[in-house]
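The values are calculated or read from the model by the stated rules, or taken from the named source; none is laboratory data. Note that the coordinates shown come from a computational prediction; the quantities given were computed from them, not determined experimentally. With ideal geometry, Cβ positions are generated from the backbone for all residues, glycine too; neighbour counts draw on all protein chains shown. Side chains are part of the model used for accessible areas, which takes the heavy atoms of the whole protein and leaves out ligands, DNA and RNA. Shrake-Rupley method; radii C 1.70, N 1.55, O 1.52, S 1.80 Å.
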Amino acid sequence: MDAAPPPPSVDPSALSDVAKGVFVIGDRRVPLVPNIGVVVGDDAALVVDTGMGPENGKTVLAIAKELAGSRPLTLTLTHFHPEHGFGAQVFKGVARILYNEAQRDELKRKGEGYLAMFRTFGPAVAAALEGTTLVEPDEVYAGPSTTIDLGGRFVELRAAGMAHTRGDQTVHVPDCGVVFTGDLVQERMFPIFPWFPPDDVDIDAANWVRVLARLGAEEPRIVVPGHGIPAGPEIIRMVRDYMIDLGQRVRSRHDKGEDLEAIVASLGPEVRSEHSNWSQPEWVDFAIRYFAATGAAPA
Ligand SMILES: [Zn+2]
């Protein structure tokens, strides 16, 4: 029997540095806890993601203040999903909140729906979301990227275009080769395909794969995934290979005339057993349904 999952709480004791002045509050592989980043420059600091709900947001803000001292804070998100961004209210008025345009628009359009949906995910998740209000960013950038000067170090925010969500963003710290990928990359975890037709079909696996190819080609020194343990660029390739392989297998079964439920029933268990040490196996069937519905087979 499955034990109840642990509460989705950000744990201050999971704080470590992955490079000079680049900190990660690790997810400890707890479901609905993301890896959270704090990047400190000479004059300012950047927070990447908040955790889910105001209490987690408070925890992250306290850690960021401790690390940043008197430096002003900017908050950005890898994407709008609740465990990544639904603690932002605590930062309102305390930090400058900066998203890309697509992320802001997606939060506006889907935020309340996701809040309602996540509140049905059991008492621990509902408790974490208690008192959550959605807040708008103070600033957005249009176009593919913007650069923040933290003093002695620049951080690049890149809008990925629609991939895992409409507003995915990667955060790059070029002086030390660190990239925060959000859920575009997860380590030893099946990629999350939030494919919930008709409410949310905003996934583009072909673009997702292209973004991963570009990220991998840059050979970052440290990849901080949305969930899982920070590692090298090999974890980018693992996700890319998985998606290309799965897309092709769904396509070839579809071309042979197998119907969707038959593909899910036979391919799902096969894929899960091939990745027996990956967590969140429930996302495999969502991915199969996505590939079958869209006919996409990314290359
Ligand atoms: Zn996500």
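Numerical summary
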{"item": "In the range 191-236, residue nearest to Tyr290 (Cα to Cα) [restricted to those that are part of a helix (DSSP H, G or I) and in contact with a Leu (Cβ under 8 Å, 6 or more places away or on another chain)]", "result": "Trp208"}
{"item": "Positions within the range 268-285 being open to solvent by less than 40 Å² (accessible area, probe 1.4 Å) and free of Cβ contacts under 8 Å to residues at least 24 places away in the same chain, in sequence order", "result": "Gly268"}
{"item": "Which numbered condition Cys176 misses (of (1) away from the ligand (no atom under 16 Å from the Cβ); (2) among the hydrophobic types (A, V, I, L, M, F, W, C); (3) touching a helix residue (DSSP H, G or I) at 6+ places or on another chain (Cβ under 6 Å); (4) in a loop (DSSP other than H, G, I, E, B))", "result": "(3)"}
{"item": "Unique match (being part of a loop (DSSP other than H, G, I, E, B), away from the ligand (no atom under 16 Å from the Cβ) and at pLDDT 95 or above) among Val39, Val135", "result": "Val135"}
{"item": "Single residue of Val171, Val209 found to be within 12 Å of the chain's Cα centre (by Cα) and either buried (at least 23 other Cβ atoms within 10 Å of the Cβ) or more than 15 Å from the ligand (Cβ to nearest atom) (or both)", "result": "Val171"}
{"item": "Any hit, the range 1-15, residues being of a type in the set (S, T, N, Q) and open to solvent by 40 Å² or more (accessible area, probe 1.4 Å)", "result": "yes"}
{"item": "So Leu129, is it within 15 Å of the ligand (Cβ to nearest atom), in contact with a Phe, Trp or Tyr (Cβ under 7 Å, 6 or more places away or on another chain) and hydrophobic (A, V, I, L, M, F, W, C)", "result": "no"}
{"item": "Residue match in the range 180-192 (condition: open to solvent by less than 10 Å² (accessible area, probe 1.4 Å) and more than 15 Å from the ligand (Cβ to nearest atom))", "result": "no"}
{"item": "Positions within the range 133-154 being of a type in the set (Asp, Glu) and out of contact with any Leu (no Cβ under 9 Å at 6 or more places or on another chain), in sequence order", "result": "Asp149"}
{"item": "Leu46 being part of a helix (DSSP H, G or I) and at pLDDT 95 or above", "result": "no"}
{"item": "Residues that are more than 15 Å from the ligand (Cβ to nearest atom) and touching a Gly at 6+ places or on another chain (Cβ under 8 Å), drawn from the range 156-168", "result": "Ala159"}
{"item": "All positions within the range 16-36 that are part of a loop (DSSP other than H, G, I, E, B), among the hydrophobic types (A, V, I, L, M, F, W, C) and open to solvent by 10 Å² or more (accessible area, probe 1.4 Å)", "result": "Val30, Leu32"}
{"item": "Flag if Leu67 is at pLDDT 95 or above, more than 16 Å from the ligand (Cβ to nearest atom) and under 20 Å from the mean Cα position of the chain (by Cα)", "result": "no"}
{"item": "Hey, Ala102 within 16 Å of the ligand (Cβ to nearest atom), open to solvent by 10 Å² or more (accessible area, probe 1.4 Å) and not in a loop (DSSP other than H, G, I, E, B) or not", "result": "yes"}
{"item": "Neighbours by Cβ (under 6 Å, 6+ apart or cross-chain): first from the range 153-165, part of a strand (DSSP E or B); second open to solvent by less than 30 Å² (accessible area, probe 1.4 Å) and modelled with pLDDT under 95", "result": "none"}
